[in-house]
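Below is one structure, written out as structure tokens; comments come after it.
Computed from the coordinates by the stated procedures, all read-outs in this text should not be read as laboratory data. What you are looking at is a predicted structure, and each value in this text was computed from that prediction instead of being measured. Positions of Cβ are backbone-derived with ideal geometry, glycine not excepted, and every protein chain shown enters the neighbour counts.
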Amino acid sequence: MNILSKIQQWISDKRKSDSFALSVKDLTGYPPKDISLYRRALTHRSVSGKSNERLEFLGDAALSLTVAEQLYELFPDQQEGFLTKNRSKLVCREHLNELTHKMKLDELLIHNLHGKKNTKDIYGNLLEAFVGALYLDQGIDAVRAFTKRWLLGNQKHLQQIVRNDKNYKSRLYEYSQSVHEPLRFELTKHQYNKEKDQHTYWYVVYLNEQPIGEGAGTNRREAEATASRKACQKLGI
């Protein structure tokens, strides 16, 4: 590669980097301090061979905390069951998938999926990893602002979510609290199909250490949701 080609490549890379940083700022409200964190969060393992699950784990925890805080403040007269149920709705896989598309975060995904980009378990994971990067880069206050802007949205949007009672997992937690019996989920099996680039998880849900439902899914949340639905049907709730 001659000097001119190197200069042109450098200019092209610089423009891409500036554009990526601007997109991150538009989504978070903060200019990134460490852009590599967001690149790691938004790079699929089909490119790097590495998973961003550590950032997903961190982002999931940060989202859960900040959503809980804000629901606590927004609904001062509501009890634990209401708050638990609606936190579950806001951070459930279906809602996170929708938000990823709404934010156009999926357009920033760095991947080599060859037509498999529509795999449904990618998007919620992507959002959680992005929030994990935001937490490491800017701190918990930035995540609070992000949560308020994107997850809770305007009051009308929030009220629609509160009225939607399709979350079986939250129903189970409400029920377990009402009967004063502990509820827990257990991962019983996990498989990865390398050819399809797809995970399958199997979960069992226990009430007072008695199995009441089991289910499978392409991610942990989906498997837990399936197990929860079957448990609700068994319990008649």
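Of the peptides 195-207, 133-145, how do they stack up when ordered by the mean number of other Cβ atoms within 10 Å, highest first?
Order by mean packing, descending: 133-145, 195-207.
Sorting the segments 37-45, 70-78 by their residues' average number of neighbouring beta-carbon atoms within 10 angstrom, most packed first, yields 37-45, 70-78.
Tally Lys and Arg at +1 and Asp and Glu at -1 over the other residues with C-beta under 12 Å from the C-beta of ALA231: what net charge comes out? Present the calculation step by step, with values, prior to reporting the outcome.
Values: positive: LYS169, ARG171, ARG184, ARG229, LYS230, LYS234; negative: GLU214, GLU224.
That works out to +4.
Net charge in the neighbourhood of SER64 (other residues with Cβ under 15 Å of its Cβ; Lys, Arg +1, Asp, Glu -1) is +3.
In angstrom, the C-alpha Rg and Dmax of segment 185-237 are 11.9, 40.
Using 0.36 nm times the number of residues separating HIS180 and ARG45, minus their current alpha carbon distance, what extension gain do you get?
Working: separation 135, 0.36 × 135 = 48.60 nm, distance 4.24 nm.
Full extension from HIS180 to ARG45 adds 44.4 nm.
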